[in-house]
Amino acid sequence: MSRRDQIVLSTAEQLELLESARVVVVCTHGPRGWPHAMPMWFTLRDPRAEPPAAGPPREIWIWTYAKSQKVRNLERDRRATLLIETGTEYLELRGVELEANAEIIREPDRVADFGRELTVRYSKGIESVEGDAAAALEAQAAKRVAIRFEVVRLASWDHRKLGGSY
C-alpha cells in the first residue's frame with residue numbers, strides 16, 4: 001500500500017523548506033544525454049504578486065557564467081529538474097523536486113539586478129549592495145546570465161510524517 005499521500009508537504013511546508021534552503025541542485029540534459037547536476041545558490045520569485053502570493057513558488061532563479069555547461073545544455077533543451085532536500089537519515093528526509101522550463105536572461109542590467117538580490121539573500125546583515133561591492137557585482141554580471149526556472153510540476157515528500165516506520 002502506498003503511503004505517498006501521507007508524506008506530501010503542504011503548501012506552507014513547501015515554502016518553508018524552499019525559503020530556508022541554501023542550495024538547489026539543477027539537473028539539465030548534458031551533451032551526451034547524461035544528466036548534468038550542479039548545486040547552485042538561488043532565490044524564489046513569484047510573478048503573481050508582491051509580496052509572494054499564497055501557494056507554491058512559480059519561479060526559481062539562479063545565476064551562473066554565460067559559458068557554463070548548464071547554460072549550453074539549456075540552450076539546447078530548456079527543460080530542467082530542480083531538487084531541494086534536507087535530512088540525513090531516511091526518516092528525516094524531506095524535499096521538493098521541481099520540473100521547470102528555463103529562460104536565460106542575458107541583459108546585463110537584469111543580470112546585475114538579480115546578482116544584487118542573490119548577494120543580499122546569502123550575505124548576513126546586509127540589505128543592499130552599494131559602492132565598490134556594487135561595481136564588482138556589475139563587472140561580474142557582464143560574464144554571467146540569470147536563469148529563470150518556471151515551475152511546471154512539483155513533487156514533495158516529508159518522511160518525518162511516517163511516524164518512525166516505513
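The values are calculated or read from the model by the stated rules, or taken from the named source; none is laboratory data. Being a predicted model, the structure only gives us computed values, none of them experimental. Virtual Cβ from ideal backbone geometry, glycine too; neighbours counted across all protein chains shown. For the accessible areas, the whole protein counts, side chains as well, though only heavy atoms, and no ligand, DNA or RNA atoms are used. Shrake-Rupley method; radii C 1.70, N 1.55, O 1.52, S 1.80 Å.
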Within the stretch 103-122, how many residues turn out to be touching a residue at least 40 places away in the same chain (Cβ under 8 Å) and either open to solvent by 50 Å² or more (accessible area, probe 1.4 Å) or farther than 24 Å from K67 by Cα (or both)?
-> 4
Do you know which of the residues in the stretch 1-11 that are modelled with pLDDT of 90 or more and of a type outside the set (S, T, N, Q) is surrounded by the most Cβ atoms within 10 Å (Cβ to Cβ)?
-> L9
What is the number of the single condition among (1) in a helix (DSSP H, G or I); (2) of a type in the set (G, A, S); (3) open to solvent by 60 Å² or more (accessible area, probe 1.4 Å) that G125 does not meet?
-> (1)
Got a sec? Which of E75, E59 is at pLDDT 90 or above, in contact with a strand residue (DSSP E or B) (Cβ under 8 Å, 6 or more places away or on another chain) and surrounded by 14 or more Cβ atoms within 10 Å (Cβ to Cβ)?
-> E59
Among residues of the stretch 128-155 being touching a strand residue (DSSP E or B) at 6+ places or on another chain (Cβ under 8 Å) and β-branched (V, I, T), the residue surrounded by the fewest Cβ atoms within 10 Å (Cβ to Cβ) is V152
How many residues are closer than 30 Å to A12 by Cβ and of a type outside the set (K, R) when one looks only at the stretch 96-116?
-> 12
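Step by step: first the residues of the stretch 22-44, then only those that are among the small types (G, A, S) and at pLDDT 95 or above, then the one that is most open to solvent (accessible area, probe 1.4 Å). Which residue is that?
Narrowing the stretch 22-44 to residues among the small types (G, A, S): 30, 33, 37.
Those left that are additionally at pLDDT 95 or above: 30, 37.
Working: G30: 12, A37: 56 Å².
For the stretch 22-44, the residue satisfying everything is A37.
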